[in-house]
Structures are given as C-alpha cells and as structure tokens.
Amino acid sequence: MAETVDPIVIGIVAIYLLAVVVIGYYSRVRLKSAMDYYVAGRRIGSVVNGLALESTYFSPASMLGLPAYIFLIGYPFWWAMVAIVCGMPIATLLAASALRKYAPVSFADYYADRFGDEKLRWWIGIIVIVGSILYITLSLVGMALFMVAILKLPYVIALIIGTIITMFYVVYGGMIATSWNAAMQAIVMSFAAIIAAIAIVWQLGGFEGVYFAAQQSYAKIWNTPADAPDVAHVFSGTWIAVIGWYFVWHYGFATMPYTVVRFFTTMDIKSARRSIFWCSLIGGAFYVSLELIGVTAKYLIEKSHPIAVAAGGNMTAMQVLAAIQKTYGIGTVTDYSMIAAVEALGNPVILGILCAGGLAIAMSTAAGWAVVVNTIIARDWFVKLLKSKKAEEKPIFYGRLIAFIFLLISFLIAIQPPALVLDLSGWAFIVTICSLGPGLILGLWWKRATRTAMWVTAIVMFILSMVAWLRAHLVLGHHARFFLNDIIFGNNNALITPHQVWTIPVGFLLFIIVSLLTKPPEEERVQKYCVELTKEV
C-alpha cells in the first residue's frame, strides 16, 4: 500500500527548488556571451568553484550508490572513502593549475593544441558523449528516486518531473547557473547527509549503537578489505582493490571532463588550486556521513521502516525494498536503500532535508555534464570543425538545444536503467579516463607524448573498455568480471576487478609504447603546451 505524502517534506523541498529557480533566473540575466555560457566568464572564485566541484563530482553514485554498495554486500568501505577524499589534492598537481594557466573553453581544446590535430575533437566528442549520457542518466535516476520519496508517485512520473526541473535551469542558465547553483547545492547536499547521519547516531544511542547496528547486519563490516565477507577474489577482497578504486576515482577526478572544465571557470590559477581544498574539506564531511548511513541502513530498515513495522517486524530489508519497488515501479530498488534508512527515522524534517540534498546532487551532476557535452558539440563540432555560421552566431541557442536533446535521451534510458547508479558511474569513468586520461596527463607532463599515441590510445581503449564492460555485464553476469574470464579461467573462477580498473594501466602503457615508437612532437608545441604550462606548478 502506498504511503501518504508529508506536507513538511514537500515544503522543505519546495523552498530548495524555489532557490534553484531564483538562481537560474538571475544567472540568465547575467548570461550575455558564449563565454558566460561555456565557462561562466571565468569569474568564479575558489570557494564557489570548490563547492561546485564537490556537487558535480559527488554524483548520486556517491549519495545513493556508496551506501547502497555497503547495504548490498557489507563491504568495509571506509578505505574507499579515505582514498577518494585524500586523492583530490593530486588533481591540483596533475591538471588543475596547468589547465587553468592554459585557460581553454572546451575539454577538447588541450588535446587539439597539444597534439596539433583539430580532428581529435571528433573522437574526443564521441567518448565524452558516452560518458555524458551515462552520467546524466544516473543523475535523473537519482532525482526520480528522491521524487518518489517526496511525492509518493510512480517512478516514471517522478522521473518526468525531475527531468523537467533539470532542463529548466540547464537549458537557460549555462555554466553560470550551474556554477552558482552547484555551489548552493553542495551546501544543501552536504548538510543533508550530515544531518541525516547525526539523526541516525542520535536515534541509535550514540556511536556504540551505530557499531552494534553495523555488527548485527554485517559481522565483518569494520574489518580490512583483506577480510571482506564472502569474497574470495584476490582483486576485490584485498588491498589491491583499494589501489584499484583509488585510481578509478581519483585519477578520474583529475581527468574527467565534468571536473576538468571546473578548472576553466575560476578567476586565476590560485583559485583553481584552492578549489580543491574546499572540495576536499566539505566532501570529506559528506563522505563520513554517507558511511554512517550505509553501515546502519539494513538495521534501520528492518527495525523501524513503516512497511517493516506494519508487517510486525518480520520483513528483511530487501523485502521492504521489494515492496517499495512493487508500489512505485522503481527499477534500481537497491539504490533506494539510503532513502529508506532515513524514512525509518520517522522524521519528516530530516527526510525533507535529505530529499532536497538528493535533488541538489543529482541536478548539479546532470547540469555539469549537459554543459560539457553541449560545449563539445555546439562549439567544437559545429563551429570549429564544420564551420557553421549559424552555430557561431547563435552559440547559446545551439548549446541549449543540445543540452535538451541529451537530457531527453538520458530520460528515455533512465525509464529502465541498465544498472545501479554506482555501476553506471564506474562505466562512465573507465570508458572516459582509460581512453583520454593518458593523453591529458602525459601530454602535460611528458615531452615525448605524440599525436599518434593519442589517436591509438583513444580509439583502442574506448572500444576495448566498452566491449569489456558490456561483455562482463551481459554475458558474464556481472560488470566487474574480467571480460575474458570464461575464456582464460573458466566459468567457475570469477576474476573480479573494481570497475574494469585494469584498463587504466593498459591505457597508459599503450600510450607510452606508441609514443616511443613514433615521431616526436615539434619542440615549439612541447614548449608551449607542456613545459610552460607545468613550470612552477
């Protein structure tokens, strides 16, 4: 039986959405040029940009996916949280300062200039499009799940509402709207997670109660990764997994398009560097809170969720989630576990704040990726490559049109999502950073990086990573299985790697080998786009 709508929850969320509309309208008034739309006129300070980085990078894959990951397998996930937060400052060294000194407009600009080939914009655009669709999809799924919690509507209707809201300020505000809205959203989502975690600790009688709840659900939740429960695979049950997750999520932070473009919007190099500090500080508090919610979710749902209570306390957490799935038509039901844990608190104020925070993180990520992809297509493809006069004369119109189209495509996929939000995020990360990451990092820091290596790595690794993920997901039954597992090891020996992480070192090795075997780049180009950019960084 469907639950009733709580006016307090709706009221809190309505206040948040009103703030988004006001910021979006104000941003539209300030939107006077293509530079304003693409990179916010390079007027964003370090605090605002750091908060925008947090809310864009920490997608629903963080807010919903990480607690759901703990809920699913009781994996000791504290190490992933530490790796993600502590790894952020490396982005300052690897990319932030150098790219802000270079001051491009599009994610593809550096590749075209460093490797001396405008045609690279075509292939880079294709890769970015795949990542954009995956990330916008998971963001819309996240919005829909929070809308279900707010309005108690069927999932598809909630998805339609969430998509329309996202379209409104992305299409009209561009990067100015997404920067200021994202900063506000970072505050909202971090505050929401912290408040929810505090409420859980309070309800369970302190941290001793949290420990008891976690132990009741997962006997080995506090153990090291080497002692993970029911995991015999060397690549997922040991510290090798820690290294794998670290490189996926934090090498990715320095190279993913939606974070890289945030460095372009800052006022200067110092602002780019300081952005990482604010992102790490607030993001750290956000992650600690998610960890507390994740380790107590199963216990809270089984003991206190209204559906479990109505059944006399005889339902498992998965049975409660299955009942919610049946009522509202949710496709990725496990992603709802974090929301269900907060629903179990029985406090509409806390739930309202959490839902506002959930909408914030989903809208911010969707907006960030929408602006990235419309810049690639409207500016790089139409203006730079196709020399379209109409696109050059009306850049904002074309940018808005493309953002609308991609939001619509992602909406259609989100109706029946192909995987959990954390899995979609991992897929987007791997496809993008194993293909484009080596060219960005080695292009900045290695004089010998060549154009041929950029082309070969981008093409080979994109195709390989797509095949690996799809074959593992569709044929082997799990996205994390090594894609040739059944051929090499047999069906009874599952070799698991975090998000096909092996593609990252393979991509780097391929890039290095091809660079060493091909003609070195021009000295003038190396000096301008490698030596000068990394000097004193």
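The values are calculated or read from the model by the stated rules, or taken from the named source; none is laboratory data. Please read these numbers as outputs of a predicted model, since none were measured by experiment. Glycine also receives a Cβ, built like all others from the backbone with ideal geometry; neighbour counts cover every protein chain displayed. We work out accessible area using only protein heavy atoms, side chains counted, and drop any ligands, DNA or RNA first. Shrake-Rupley method; radii C 1.70, N 1.55, O 1.52, S 1.80 Å.
Using the alpha carbons alone, the radius of gyration of the stretch 325-461 stands to its Kirkwood radius in an Rg to Rh ratio of 1.09.
Across the stretch 398-536, the convex hull enclosing all Cα atoms gives 154 Å³ per residue.
Phi angles across the stretch 343-349 convert, under the Karplus curve 6.51 cos²θ - 1.76 cosθ + 1.60 with θ = phi - 60°, into 3J(HN,Hα) values of 4, 5, 5, x, 10, x, 5 Hz, Gly and Pro given as x.
Expressed as a whole percent, the accessible area of the stretch 426-525 that falls on carbon and sulfur atoms is 67 (1.4 Å probe). In the complete set of protein chains, residue-level accessible area for Ile195 is approximately 40 Å², probe 1.4 angstrom. Once all protein chains are placed together, Arg448 keeps about 60 Å² accessible to a 1.4 angstrom probe. Peptides 505-511, 139-145 ranked from most to least packed give 139-145, 505-511, packing being the mean of other C-beta atoms within 10 angstrom over each peptide's residues.
With every protein chain kept in place and ligands, DNA and RNA left out, what is the accessible area per residue of the stretch 458-537? Probe 1.4 Å, answer in Å². It would help to have the intermediate numbers written out before the result.
On the way: 4310 Å² over 80 residues.
It amounts to 54 Å² per residue over the stretch 458-537.
Which order do peptides 357-367, 323-333 fall in by mean Cβ count within 10 Å, highest first?
Numbers: 357-367: 30.6, 323-333: 19.5.
Descending packing order for the listed peptides: 357-367, 323-333.
Candidates Ser465, Asn314, Ile350 compared by Cα position along the dipole of the stretch 311-467: farthest toward the positive end lies Ser465, with charges placed on Cβ.
The solvent-accessible area of Asp6, taken with every protein chain present and a 1.4 Å probe, is close to 50 Å². Per-residue 3J(HN,Hα) values for the stretch 140-145, derived from phi via the Karplus relation 6.51 cos²θ - 1.76 cosθ + 1.60 with θ = phi - 60°, read 5, 4, x, 4, 4, 5 Hz in sequence order (x marks Gly and Pro).
Which entries of Lys101/Lys384; Lys384/Lys447; Lys270/Lys390; Lys394/Lys535 show an alpha-carbon separation above 29 angstrom in the structure shown?
Working: Lys101/Lys384 22 Å; Lys384/Lys447 26 Å; Lys270/Lys390 37 Å; Lys394/Lys535 37 Å.
Table pairs above 29 Å Cα-Cα are Lys270/Lys390; Lys394/Lys535.
Phi angles across the stretch 153-164 convert, under the Karplus curve 6.51 cos²θ - 1.76 cosθ + 1.60 with θ = phi - 60°, into 3J(HN,Hα) values of 9, x, 4, 5, 5, 4, 5, 4, 4, x, 5, 5 Hz, Gly and Pro given as x.
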